[in-house]
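The values are calculated or read from the model by the stated rules, or taken from the named source; none is laboratory data. This structure is a prediction, so every number in the text was calculated from the model and none was measured. Virtual Cβ from ideal backbone geometry, glycine too; neighbours counted across all protein chains shown.
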Amino acid sequence: MASNIIDWTDSWQDKLDIKSKYASAEAISGRFSKEVAEGKLPFCSMPYMAELLYDLEGLESYVKGFEHMLLLGIGGSALGARALQKAFFSAQDEPCHEGPWFWIGDNVCAKTLESYLEKLPLEKTLIAVVSKSGGTIETISQYFLIRKKMKQKMGDKWNRNFLFVTDKKNGFLREQADELSIKTLEVPDNLGGRYSVLSAVGLLPAMFMGIDYRLLVEGASAILAPLASPELSSEALLKHPSYKLACWNAALMEKGYNELIFFSYIPQWACFGQWFAQLWAESLGKEGKGSQPIPAVGATDQHSVNQMFLDGPRNKGCLFLTCDSLADGEKFVEDIPDKFSYIKGKNFGDLIHAEGLGTKMALSANKVPLVEIKMAESSEECAGRMMGLLMAATIFTGWLMGINPVDQPAVELGKRLAKARLGADGLQDEKNDLEAFLSV
Ligand code: PA5
């Protein structure tokens, strides 16, 4: 089994008050065990993962009977799937690729949806509508448009081409599924979108794309199982990389480090940066606290925002993601001018390693606190480990900061105001606020 290591050689360790964070391990381990037992942290629930695999296997032949999948979802209901697609399903970009094809509608953009509709043979397309609440307007409005087209194309059998991933009891999508006999997969109670990539939300698209979803779960289980034990001890917690990472981050924030770079030197994992940014920002940006996540990818961003990382305000920490065994590619052998002779006999793998090392050293030389997360390989199992690690670290960081990492009250306000603006029933306070705001 592959393993991933966090490299704690960061010289900043000594300059931070990490010890006081370690002192919270007793209280936090007790709280974690209790919340797992109460079903409040389902991303860490092993029985849930086993049931989910069973449900997915039951749907596999139906889902794979389609040539295309169009996922309609937004935020946590889409970002994990996109990261997995970019990391493990590059075949779709190849000109002679014969399928399957995976698409994501995660915005209210007429141009994008129209271009999808021009390309997609609807009769061969499975529309996966992914919404935990079952009522997110950006997702539901896309559903209405596609449903109309699907009815025109498929007549009475239109519902066969839809699959909902939603709450097991509540919400508009659940009502629609019951009324119209649409197949569903459940999102468990208490699982917020940004913690849901290893539920049906991320695993259904992974299965469709032929990504080894069982290995994703295996990797996550390997890292999360020690935490999911009914009696997590403070000793076990202190040894766990997610808790160490949380202590490091909480201590950094206390010193005024209010930005956190997620620098991936696994180029095809770049979109995990967006996935992480949502997880971190929506979970931890509370009560004036938190650190702003900044996704970046090497080597591309060395030629862009890296100058700011290196010599801008000294307020940034860095999670530095690397992998020793990247696919190496072809060697540069012939027709290499003398000027570039230093790359002779080398390949892209050598280049990205050298660039990563250079950037890591430059960040350290410029006193950017940095923790390296080393992946053994670019595999589903390692991706599962990394996601499990980062989700648990986010929960622990939130608790160490004294905030709730699983709600998002500020985001909810904007959604209510938008609904009020569109004329939704009720929401009188929001309507009054809008009127006052617009009349200034
Ligand atoms: O992390 C979250 O909770 C959000 O980003 C949600 O995923 C997003 O708002 C979509 O919500 P839903 O899945 O209910 O449509």
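Right, GLY219: within 16 Å of the ligand (Cβ to nearest atom) and surrounded by 15 or more Cβ atoms within 10 Å (Cβ to Cβ) or not?
For GLY219, the condition - within 16 Å of the ligand (Cβ to nearest atom) and surrounded by 15 or more Cβ atoms within 10 Å (Cβ to Cβ) - is not met.
Look at ALA25 and say whether it is outside the structural domain of MET150 (by the TED database) and either more than 16 Å from the ligand (Cβ to nearest atom) or under 26 Å from GLU218 (Cβ atoms) (or both).
Yes, satisfied.
Of these, THR125, THR166, which one is modelled with pLDDT of 95 or more and within 12 Å of the ligand (Cβ to nearest atom)?
Result: THR166 is the single residue among THR125, THR166 that is modelled with pLDDT of 95 or more and within 12 Å of the ligand (Cβ to nearest atom).
Among the residues of region 92-110, count how many are more than 21 Å from the chain's Cα centre (by Cα) and either within 12 Å of MET209 (Cα to Cα) or outside any helix (DSSP H, G or I) (or both).
8
Residue-by-condition table, conditions (1) surrounded by fewer than 21 Cβ atoms within 10 Å (Cβ to Cβ); (2) modelled with pLDDT of 95 or more; (3) within 18 Å of the chain's Cα centre (by Cα):
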| site | (1), (2), (3) |
| --- | --- |
| ASN258 | yes, yes, no |
| ALA277 | yes, yes, yes |
| GLN302 | yes, yes, no |
| ASP328 | yes, no, no |
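Starting from region 176-204, take each residue that is more than 17 Å from GLU51 (Cβ to Cβ) and list its partners that are more than 12 Å from the ligand (Cβ to nearest atom) and part of a loop (DSSP other than H, G, I, E, B), counting only C-beta distances under 7 angstrom and pairs at least six apart or across chains.
Cβ pairs passing all conditions: GLN176/ILE182.
Which one of these does THR166 not meet: (1) in contact with a Gly (Cβ under 7 Å, 6 or more places away or on another chain); (2) touching a residue at least 40 places away in the same chain (Cβ under 8 Å)?
(2)
Taking LEU227 as the residue in question, decide whether it is more than 16 Å from the ligand (Cβ to nearest atom), under 30 Å from ASP328 (Cα atoms) and either buried (at least 20 other Cβ atoms within 10 Å of the Cβ) or assigned by the TED database to the domain that holds ASP301 (or both).
no
Out of LEU191, LEU173, LEU113, report the one residue that is in a loop (DSSP other than H, G, I, E, B) and within 27 Å of LEU417 (Cα to Cα).
Residue meeting the stated conditions: LEU191.
Just to be sure I understand the filter: pairs with C-beta atoms under 7 Å, separated by 6 or more residues or on different chains, first member in region 95-116 and in the same structural domain as ILE140 (by the TED database) and polar (S, T, N, Q), second member at pLDDT below 95 and surrounded by fewer than 12 Cβ atoms within 10 Å (Cβ to Cβ). Which pairs pass?
Within 7 Å, no pair qualifies.
I'm checking my understanding of the structure. Among residues of region 2-61 that are surrounded by 20 or more Cβ atoms within 10 Å (Cβ to Cβ), under 25 Å from the mean Cα position of the chain (by Cα) and in a loop (DSSP other than H, G, I, E, B), which one is modelled with the lowest pLDDT?
Result: ASN4.
Within region 133-147, which residues are more than 7 Å from the ligand (Cβ to nearest atom) and within 21 Å of SER115 (Cβ to Cβ)?
Scanning region 133-147 gives GLU138, ILE140, SER141, GLN142, TYR143, PHE144, LEU145, ILE146, ARG147.
What's the number of the only condition in (1) within 14 Å of ILE261 (Cβ to Cβ); (2) touching a Pro at 6+ places or on another chain (Cβ under 8 Å); (3) of a type outside the set (Asp, Glu) that MET308 fails to meet?
In the conditions (1) within 14 Å of ILE261 (Cβ to Cβ); (2) touching a Pro at 6+ places or on another chain (Cβ under 8 Å); (3) of a type outside the set (Asp, Glu), MET308 misses (2) alone.
Just give me the residues in region 52-65 being among the charged types (D, E, K, R) and either in contact (Cβ under 8 Å) with a residue 12 or more places away in the chain or not assigned by the TED database to the domain that holds VAL187 (or both), in sequence order.
Answer for region 52-65, where residues must be among the charged types (D, E, K, R) and either in contact (Cβ under 8 Å) with a residue 12 or more places away in the chain or not assigned by the TED database to the domain that holds VAL187 (or both): ASP55, GLU60, LYS64.
Would you be able to say whether some residue in region 395-412 is away from the ligand (no atom under 16 Å from the Cβ), assigned by the TED database to the domain that holds HIS240 and within 16 Å of the chain's Cα centre (by Cα)?
no
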